[in-house]
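What follows is a set of notes on a single structure, which appears directly below.
Each value in this text was obtained by applying a stated rule to the coordinates, not by laboratory testing. Note that the structure is predicted; figures quoted are calculated from it, not measured. Every residue, glycine among them, receives a Cβ derived from its backbone with ideal geometry; neighbour counts consider all protein chains shown.
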Amino acid sequence: MLHTTFNKSLPAILLFGVLSLLSTAQDFPDAMYNTKTAKHINIQQTKLFIVPPDGFIQKEGIIGIMSPDDKSGITVIDAPGADYRTASVTFTKEAMEAKGLKVILSKQITFNGYPAKLMIVYGSANSTNYELMFGDTSFIDLVMATFPTDDTLMGEKIENAFKTLAFDKTLKLNPLAAIPFTLDYAKQGFHVKNALNNTLLLVNSKDSLSTDTLIPSVTSWFTPLTSNIDVKTLAVNTLTKLEESGFDIRESKNEETKVINGYNAYEAELYGTLRGKQAMAYFLSIGTNEKAVIYVGVAFSDFVNNLNRFKKLAYTVSFKKGDKK
């Protein structure tokens with residue numbers, strides 16, 4: 001979701017859209033409690049259910065539902081183990097406005113019996129977002145809806161769908177099964193530490209119970225691709241974010257564009273510092289014209305052996321259903 005500074009000199013059609021939102025927002029309920037019906041569908045990888053607007057579908061790699069033109073959608077971030085009381089402190093109107101955003105509505109509500117916060121935010125020159133955060137001491141869910149501000153009909157559809165949201169805490173999830181790619185991690189001596197939101201965190205099997213933050217690890221995640229993005233461009237963008245997150249890259253080696261398992265790929269070895277320690281990362285961006293996997297293996301010692309293991313595991317990547325090479 002993209003937020004940018006609110007522009008007070010809105011075109012008339014956008015201003016009309018914002019005013020329409022202001023009027024409908026006043027009627028948003030203080031308590032939302034829905035039970036599942038035959039019209040509800042499960043938002044995959046979550047315990048949420050929704051009655052989708054006509055034409056909205058669930059797409060591979062997106063945890064949520066999208067309109068046919070991909071301009072509107074409702075997505076979910078699930079955070080089991082997180083504490084709502086702590087996270088909700090920073091989920092406020094003041095925090096949003098400090099970023100230069102226009103908050104149309106901010107209110108505390110209850111959602112299916114859970115404490116919740118709801119905000120409607122004007123995010124860009126033509127984008128409006130509904131954001132709902134709820135949970136307890138054991139989990140947080142963040143539901144985000146976005147649509148073009150000047151599309152008042154779509155805004156009504158999104159709001160109506162938002163109001164049908166239902167939550168089933170008893171639902172058993174299998175996030176590993178829902179991840180749209182595979183890695184032969186067991187055969188390579190790795191263990192799944194976490195699988196969530198289309199992301200896999202792997203560690204050595206012998207380190208599966210370790211709380212040491214300096215053990216070798218592999219993080220890999222799925223992302224859809226647009227027509228103007230290829231695996232090399234995706235790699236460049238991701239490496240920039242990797243540096244912004246604290247990996248000080250001092251040297252890169254063996255950068256190469258190649259084909260792995262029939263997929264376009266870009267790989268590199270990165271050397272530098274992370275968390276104040278010498279570190280090595282093996283980086284791989286691999287995929288098709290429509291989807292990709294980013295794979296990052298990080299080690300703080302024994303670089304040669306860990307690099308070989310990271311590469312051997314990376315070369316087992318494969319996509320599940322809808323595989324188009």
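Okay, here's what the table says:
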{"quantity": "Lys pairs, the range 63-154 - Cα-Cα below 19 angstrom, 8 or more residues apart or on other chains", "calculated": "7"}
{"quantity": "Segments 115-121, 70-76 sorted - mean Cβ within 10 Å per residue, highest first", "calculated": "115-121, 70-76"}
{"quantity": "Angle in degrees between helix 12-25 and the longest Cα principal axis of the chain, rounded to the nearest 10", "calculated": "80"}
{"quantity": "Over 20 Å between alpha carbons, listed pairs 258/291; 193/232; 36/163; 39/291", "calculated": "193/232; 39/291"}
{"quantity": "Relative contact order computed over the range 12-167 (Cα-Cα under 8 Å; 6+ residues apart), in percent", "calculated": "28"}
{"quantity": "Reachable aspartates and glutamates, given that their alpha-carbon falls under 12 Å from the alpha-carbon of residue 253 and they are not under 8 places away in the same chain", "calculated": "267, 269"}
{"quantity": "Ranked 131, 256, 156, criterion: other C-beta atoms within 10 Å, fewest first", "calculated": "256, 156, 131"}
{"quantity": "Distance in nm between pseudo-label sites at residue 214 and residue 85 (7 Å out along the Cβ direction from Cα)", "calculated": "3.4"}
{"quantity": "Helical mean residue ellipticity (222 nm; -39500 (n - 2.57) per DSSP H run of 4+; nearest 500) of the chain", "calculated": "-5500 deg cm²/dmol"}
